[in-house]
Amino acid sequence: ACGSVNDGAAASGDKASSGGSGSDQTMVTVVKVKGIAWFDRMDEGVVAYGERTGIDTRTEGGDDVSPEKQIQIIQDLIAQKPTAITVVPNSPEALSAVLKQAQAQGIKVVAHEATGIENVDIDIEAFDNADYGIDIMENLAQCMDEEGKYVQFVGGLTAKTHMEWVGAAYDYQTENYPNMTRVETPIESTDNETAAYEKAKEILAKHPDIKGFQGSAGNDVPGIARAIEEAGLEDKVCNMGTSIPSAAAKYLATGSIDKIFFWDPALAGEAQLEIARILADGGTIEEGTDLGIEGYTSLKKMDGYDNVFVGDAGIAADAEAAKQYNF
Amino acid sequence: MTTTARSGTPAPVLEVRDIVKTFGGVTALGGVSLDLRPGEVLCLAGENGCGKSTLIKIISGAEKPDAGAIVVDGESFASMDPTDAIKSGIQVIYQDFSLFPNLTVAENIVFTSAVGARRRFFNPRAARPAAQRIIDDLGLALDLDAEVGTLSVADRQLTAICRSLVNEARVIVMDEPTTALTHTEVAHLFAIVERLRARGVAFIFVSHKLDEVLAISDRVTVLRSGKHVVTAPAADLDPRAIAQHMTGQEVDDSRRVTELAPGAAPVLEVEGMTLPGAFHDVSFTLRRGEILGLTGLLGSGRTEIAESLFGVHPYESGTVKVDGVPTTVRRIDDAIAAGIGYVPEDRLTQGLFLEKSIADNIIASSAEGHRTRWRTLDKRAIRSTIDTLFRRLRVKAPNVQAPVRSLSGGNAQRVVLAKWLARRPKVLMLNGPTVGVDVGSKSEILDILRAQAAEGMGVIVISDDVPELVACCHRVLVVRHGRIVEELAGEDVDVDSIRKKVAA
Amino acid sequence: MSADRSRAALLRRLRGRNNEGVLVLVLLVLVIGMSIANPVFFSLPTAFGILRSAIVPMIFALGVLLVIISGGIDMSFAAIAVFAAYTTIKLQLAGGYDLGLVGAFVMALVLGAALGAINGFIIAKFRLPTMIVTLGTRGIFTGALLTYVGSRYIADLPGGMASVSTTNLVAVTSPTGNAYLHVMVVPAILLAVLIAWMLRRTMFGRSIYAIGGDAEAARRAGIRVVRTQVWMYVLVGMMAAVGGMIYMIMGRSGTPQELVGDELDIIAAVVLGGASIFGGRGSVTGTVLGVLLIQVINNSLILAGVPSAWQRTAVGLLLVIGVGVQAIAARRSARRIRTIDESDDAAAGPATTPVQHEKVTA
Amino acid sequence: MLLLVVAAFALFTVLNPAVFLGPINLQNIALASPEVGVLALAMMLAMLTGGIDLSLVSIANLTAITMSTLYTAIAAGDPARAEQLFPVILLVGVAVGVLGGFLNGVLVAWVGITPILATLGTMQIYNGIAVAWTGGKTLYGAPAGLTAFGQSTVGGIPTLFVVFILVALAIGLLVNRTPLGLKVTLQGANPMAARFSGINSSRVLMSTYLTTGLLGGIAGVLFLARNPTASADYGASYVLLVVVIAVLAGTNPNGGFATVLGVVLATLTLQIVQSGFTAVRLSAFEYAMAQGVILVAVMVFDQVKWRRRRRPAPPVGAVSATTTA
Ligand SMILES: Nc1ncnc2c1ncn2[C@@H]1O[C@H](COP(=O)(O)OP(=O)(O)OP(=O)(O)O)[C@@H](O)[C@H]1O
Ligand SMILES: Nc1ncnc2c1ncn2[C@@H]1O[C@H](COP(=O)(O)OP(=O)(O)OP(=O)(O)O)[C@@H](O)[C@H]1O
Ligand SMILES: [Mg+2]
Ligand SMILES: [Mg+2]
């Protein structure tokens, strides 16, 4: 009588992954949360890819950023036996079990923003998180003339990628910019602009001579920017970090944000699906694979992992450059 | 029927025609009619659950009748809503007071009239004079700024009375307004009633204290299980007769006390018990099988004495022995563990779980006593306990699953009693055991107490109802200013001497 | 006796009907503590900063206060706030017209009133526990907003609303940094005064207390309970809408997915302010203090030098300590009453019962 | 309530039988409900006393983190040993949950803080401790035995679901068949009368929050059994969800009334609707809406039905207000 929830792999496995010629395939992209600009943009990519290939593609996601809701959704999707599930996990570790179940059903699993996640066929990163963090730090240091106090914000102390970015940035700073000092451990903004704003104001009060802010969540730099504008420090303080052009535009204009860093979610979405398709059609991903998608034309294999591939899709944009993006 | 309008008498200010009201299965009122003339006091009498309060709620618009009509000054309403009633000058003292526990006495007193007057604004300070006036009229010492929730039952009742008197009403309905009051307050109240009726205000007065009834009313209407039995001038009636009409049988309220066994051991010994601010140096002994009365004026401290013995407000000095065993009562569980039970004064909030079933209420304090070997509840034992008490105390309800909220006053009290009997305490203290209980049930409840005593329980009855004390108590202690000042026993236990001592 | 009475009365006044007195002390201690931990805390910029951060919670709290006094718990105010404000913004942008500041507020108020009316109707008509109904409508309102109106972050507000985004009432340039007091404190303060007055001085306000005290008694006293409740929820809905508008104006963006989820913090602030979750008790003063206390806690930890990893814990600890002090004080005072008015049984039963959540916090 | 489950089930069976009735989907429903269900049972208990316990999820996470850390620590030295010590690890984890419950009990029962405030505070404290402890990282690692247990099925039914049912039975026994259960109920129905009936409120409240803590701990074990990771902010969305389930189950937030069966059914209903919505490709937003509609509809329906039977009691709140004023 005893068994496992992962039984029946063979039974349904081949059925699910069969069918090379796109048309009868379904692929679902599970995003961190529905309805925010970032993933709306990813959805555009997903839809576009579907139209281009005739594969039935769509995005699913919870109404708030929580691992348990992603687990729930993926679990429900497994029942629908899609060809592939691509996922941008809120907590890579938390998904391991349910993804294992998916694979057991012969569903191809591709992850994004989840270096080190288990039970996926491929994890595709827009870039190496460390490089990205370092890139931000280099720009910040340059803006700060390589000296003075700076502080780092993260969406949450539990947000893995954010911690990797600021971690790499901090290490790079300690090695290369001795005259810069980080004040405070990374501040939690709960990815809420107002919270970021209030914390930034506290920082400005506590460290009147602060010279730099590094943001991680999309809402960090805009929130910080408001505090900076209010204090009239647009020119004195550097504010850089991950955000999206639409949210940052008006602050880039005033100089309260100096530079934003991001990658195009639409392309990331397409990349995930393309990889899934290749796998579903029996292909493989190797060093140098060209997905035919901007920024993912020559995938690099991240050392230390056997299924993590890195693109070169990072974008840094100042006020001018940001204007050309419509998301 | 003697209500056929005598010629020359003024037209009735209020008429009730063939009111029918049923609650689910229960028929509370089966076609009741009565009329009320300006300046008269009509008394409603009847057993618990006969429908008095229901009729009153219908008159005041708190309940909608299934059939019948209410006529005020010739204007007929199929059903009132409270606003109509208040507008047409009907003021009600509800049996449960219907006060606002979170508002001050002053606010409670003036609020209804302010609502009735459809006022937009409210000024707490302006409210006080009006409230003060009526309080002085009644010669009371109520703290206008105290929150009603923190008041004793008596003070709450007085507040409710004040509220009904504060503005010019034409009909004042009083549903058992004197249950928690002692002689003096009642006297004050009646004085005011007299004054107002002289001004043409009409009263409907409900009480189970038949001597009061006869003292104040012109006419008496008796209901029995929702039916009109008789309406007669008070002059033509005496308590016996009314009780007869109510219950359909003789009610015996004579003094009956079983002879105590000469060597009956003391079950409760209190020595020099003191709680500063409440009572001082209280000493007495209660013997097995004895029923001891405890009486005194409001605020004399008798309630505190009982509650202190029960651990509600622990006494600060003195000794207490139960069955000769020295016991310290710091918390209620101490008292209960020692075998002391207490039927509280404030039945609705302290005694009952209104929303819960009769069964749950009965078992409430004896759960531990009904455990199986595996420390789970012994459902069978519980059911038998409940059924026995339900039958023995003759609770009037469709079944033991009925929520207590749907019970009438008297029946509710039986449930509280049942709760304690289920625990078989050595000493049972009852604070106003028959408050709001009809004469029939009253003598039944007293019989139950007598029976319990006969089985060796020690019983303390705290009461203002002197006849009741006389009817069942071996001895009566009189409390004044927190001290026991008199002890009456044997022959001395009679209505007049007790009243004298209390008033002295 | 009468002397005791007056002393009792005085004590009552000092303690405040809902222990506002104790709350003031707790707040003072906290402020002093923080100032010692970091003198920068005791400065105008910080003060203004905390005031600013208190604006929106304050407006929400006032609405929650009304509901709690009337004997319910409102879980839907944030949903209403976001719905009203975001829809107002979205429609203007979609329609390509700008209602101007006043126009926008009017529109939001109408929406808020409508949603509030839905709450009120269901609650009053079917006599359902507020908490349950509003938990339901919370889901319905947010769901409807995100499905039918939109879920996207809007970066640029309509001109009318944007016009006041950065307007300050007071701007002081001081050595410790520039201190700005956002103009939106004005509506917040006005609202507080208005609600205080309404609760104290209007029959409507008193009726809310009465209903919270005993709804059946209120009915019998001739209060139109259903009508009063419905109007109250309409009012609460409108207040929520104002809160939402101000939030998005001060945030300079339309954010349909914020606010919802933080309801409990607001409710906590109100209960902390002495309101009883069983209804009938609560005061504006208390609520104001409660909100300020929470905001001080939330906006001073970095200054106080609490490492970010420990900040969540710190918030919880401070909350528990603050409430604990109050709870103990409340018990004390309860005991005090009875030793004051001698053999008056006022103190009997209720006043001294330990197990009364609302007595204890009240 | 039962009707509702059947109705929901029927609806989606009609809408998309292929997916919805698939063995995997049914299994998933059974796999997802336990952790939520156990938390909901705890919430119901707290509400039965007229309180609430917002710290449940934090407690669960703390338990999971404790177990994971402990396991990893031991396994670092000697993996085999870590597996043997599985029972110990389990006990320690659950003990942490009970400890959390104890602190809640102290604040509510002894200090006398309103539950909603006390548990909101402890929620942040426990969560904060978890964050500080893990440094925000998601811990990986759990006894293989536990993971296997979490994945296993008995006759096609996930073992976790069996655990849920067992816990539900235990709580049912506690509430309906023990003196404590009766006291808890009465305490919630009218604290004052409970006191005058000799029910020691602080003891009853303490026992209640100890039990909710225990259940929180068990939920934590379920978290870890379902997938071998523990993090500080897993299940944040459960806090309100379990409140919804509890009231949907007919629990009176003011205390005194609740049914265990109701909670089990309510849990299943929401799970079924959730899966059903994904099966017919409706969004999470629409599900949120549906959740609200169900809640309100059920309440209104009950009320109307109940009114026809009996005269409406004063709206909830009135009673407790008068009895506790
Ligand atoms: N809300 C209710 N639901 C169900 N039954 C009720 C309700 N209210 C009253 N009843 C029933 O109606 C009958 C009349 O009740 P009512 O309170 O009028 O009696 P009463 O004459 O006032 O008794 P008492 O003298 O004890 O106050 C009783 O049988 C009671 O059980
Ligand atoms: N617990 C309560 N029960 C009943 N009424 C109350 C309670 N608390 C306050 N009130 C009344 O409601 C009114 C409105 O409360 P509000 O907070 O506005 O007054 P307040 O601000 O406390 O008075 P002040 O401004 O003088 O401190 C109070 O003035 C008081 O009359
Ligand atoms: Mg933003
Ligand atoms: Mg009656």
**Report entry** Unique match (being away from ligand 1 (no atom under 16 Å from the Cβ), over 26 Å from the mean Cα position of the chain (by Cα) and within 14 Å of chain A (Cβ to nearest Cβ)) among C:Gly150, C:Gly222
**Finding:** C:Gly150
Query raised in the report: What tally of residues in the stretch B:192-225 results from selecting those that are of a type outside the set (A, V, I, L, M, F, W, C), within 19 Å of the chain's Cα centre (by Cα) and within 14 Å of ligand 4 (Cβ to nearest atom)?
Result: 3
Query raised in the report: Do we find that B:Ile305 is crowded, with 23+ Cβ neighbours inside 10 Å, under 25 Å from the mean Cα position of the chain (by Cα) and more than 30 Å from B:Ser384 (Cα to Cα) in this structure?
Result: yes
Query raised in the report: Here is a list of conditions, (1) within 15 Å of ligand 2 (Cβ to nearest atom); (2) of a type in the set (Gly, Ala, Ser); (3) touching a Gly at 6+ places or on another chain (Cβ under 6 Å), and B:Ala114 meets all of them except one; can you say which number that is?
Result: (3)
Report summary line: When restricted to D:Ser201, D:Ser237, the only residue under 27 Å from C:Leu146 (Cα atoms) and polar (S, T, N, Q) is D:Ser237
Report summary line: Looking across the stretch D:126-144 at residues that are surrounded by 24 or more Cβ atoms within 10 Å (Cβ to Cβ) and part of a helix (DSSP H, G or I), the single one that is nearest to the other protein chains (Cβ to nearest Cβ) is D:Val131
Report summary line: Exactly one of C:Arg17, C:Arg5, C:Arg12 is within 14 Å of chain D (Cβ to nearest Cβ), at pLDDT below 85, on the phi < 0 side of the Ramachandran plot and surrounded by fewer than 24 Cβ atoms within 10 Å (Cβ to Cβ), and that one is C:Arg17
Report task. Sort through B:Asp73, B:Asp66 and tell me the only one that's away from chain C (no Cβ under 14 Å), away from ligand 4 (no atom under 16 Å from the Cβ) and at pLDDT 90 or above. Result -> B:Asp66
Requested in this report: Please find, within the stretch C:204-248, the residue that is nearest to C:Val110 (Cα to Cα) out of those that are within 16 Å of ligand 2 (Cβ to nearest atom), without any contact (Cβ under 8 Å) to a residue 12 or more places away in the chain and part of a helix (DSSP H, G or I).
Outcome: C:Gly205
Query raised in the report: (1) within 16 Å of ligand 2 (Cβ to nearest atom); (2) more than 13 Å from chain D (Cβ to nearest Cβ); (3) not β-branched (Val, Ile, Thr): which one isn't true of B:Gln95, the others all being true?
Result: (1)
Query - From the options A:Ala217, A:Ala248, A:Ala280, A:Ala276, residue that is of a type in the set (A, V, I, L, M) and within 15 Å of the chain's Cα centre (by Cα) - result: A:Ala217
Requested in this report: Check off (1) farther than 11 Å from C:Val236 by Cα; (2) not in a helix (DSSP H, G or I) for C:Asp74 and give me the number that stays unchecked.
Outcome: (1)
Query raised in the report: For the stretch C:260-315, how many residues are within 16 Å of ligand 2 (Cβ to nearest atom) and either free of Cβ contacts under 8 Å to residues at least 60 places away in the same chain or away from chain D (no Cβ under 13 Å) (or both)?
Result: 9
Report task. Determine which member of the set B:Leu29, B:Leu36, B:Leu44 is of a type in the set (A, V, I, L, M), more than 16 Å from ligand 4 (Cβ to nearest atom) and assigned by TED's automatic domain parsing to the domain that holds B:Leu223. Result -> B:Leu36
Query raised in the report: When you scan the stretch D:227-252, how many residues do you find that are outside any helix (DSSP H, G or I) and either more than 7 Å from chain A (Cβ to nearest Cβ) or touching a residue at least 40 places away in the same chain (Cβ under 8 Å) (or both)?
Result: 14
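Residues are listed down the side, and each one gets a yes or a no for (1) out of contact with any helix residue (DSSP H, G or I) (no Cβ under 7 Å at 6 or more places or on another chain); (2) farther than 20 Å from A:Asp40 by Cα:
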position: A:Glu60; (1), (2): no, no
position: A:Gln70; (1), (2): no, no
position: A:Gln75; (1), (2): no, yes
position: A:Glu93; (1), (2): yes, yes
position: A:Lys100; (1), (2): yes, yes
position: A:Lys108; (1), (2): no, yes
position: A:His112; (1), (2): no, no
position: A:Glu118; (1), (2): no, yes
position: A:Asp128; (1), (2): yes, yes
Query raised in the report: Given C:Val164, C:Val172, which one is more than 12 Å from every other protein chain (Cβ to nearest Cβ), touching a residue at least 60 places away in the same chain (Cβ under 8 Å), assigned to a loop (DSSP other than H, G, I, E, B) and surrounded by fewer than 18 Cβ atoms within 10 Å (Cβ to Cβ)?
Result: C:Val164
Query - Identity of the residue in the stretch B:172-198, in contact (Cβ under 8 Å) with a residue 40 or more places away in the chain and over 18 Å from B:Ala160 (Cβ atoms), that ends up surrounded by the fewest Cβ atoms within 10 Å (Cβ to Cβ) - result: B:Ala198
Requested in this report: Residue by residue through the stretch B:226-252, note down the ones that are small (Gly, Ala, Ser), under 22 Å from the mean Cα position of the chain (by Cα) and not in a helix (DSSP H, G or I).
Outcome: B:Gly226
**Report entry** Scope the stretch D:14-25; condition without any contact (Cβ under 8 Å) to a residue 12 or more places away in the chain and surrounded by 14 or more Cβ atoms within 10 Å (Cβ to Cβ); matching residues
**Finding:** D:Leu21, D:Gly22, D:Ile24
Report summary line: Picked from the stretch B:16-28 (must be touching a Gly at 6+ places or on another chain (Cβ under 9 Å) and either surrounded by fewer than 22 Cβ atoms within 10 Å (Cβ to Cβ) or more than 14 Å from chain D (Cβ to nearest Cβ) (or both)), the residue nearest to B:Ala198 (Cα to Cα) is B:Val16
**Report entry** Every residue from the stretch B:376-407 that is free of Cβ contacts under 8 Å to residues at least 60 places away in the same chain and within 16 Å of ligand 4 (Cβ to nearest atom)
**Finding:** B:Val395, B:Ala397, B:Val404, B:Arg405
Query - Whichever residue in the stretch D:169-190 is in contact with a helix residue (DSSP H, G or I) (Cβ under 6 Å, 6 or more places away or on another chain) and within 7 Å of another protein chain (Cβ to nearest Cβ) and, among such residues, is surrounded by the most Cβ atoms within 10 Å (Cβ to Cβ) - result: D:Asn190
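The values are calculated or read from the model by the stated rules, or taken from the named source; none is laboratory data. Every value quoted in this text rests on a predicted model; they were computed, and no experiment measured them. No Cβ is skipped: glycine too gets one built from the backbone with ideal geometry, and neighbour counts run over all protein chains shown.
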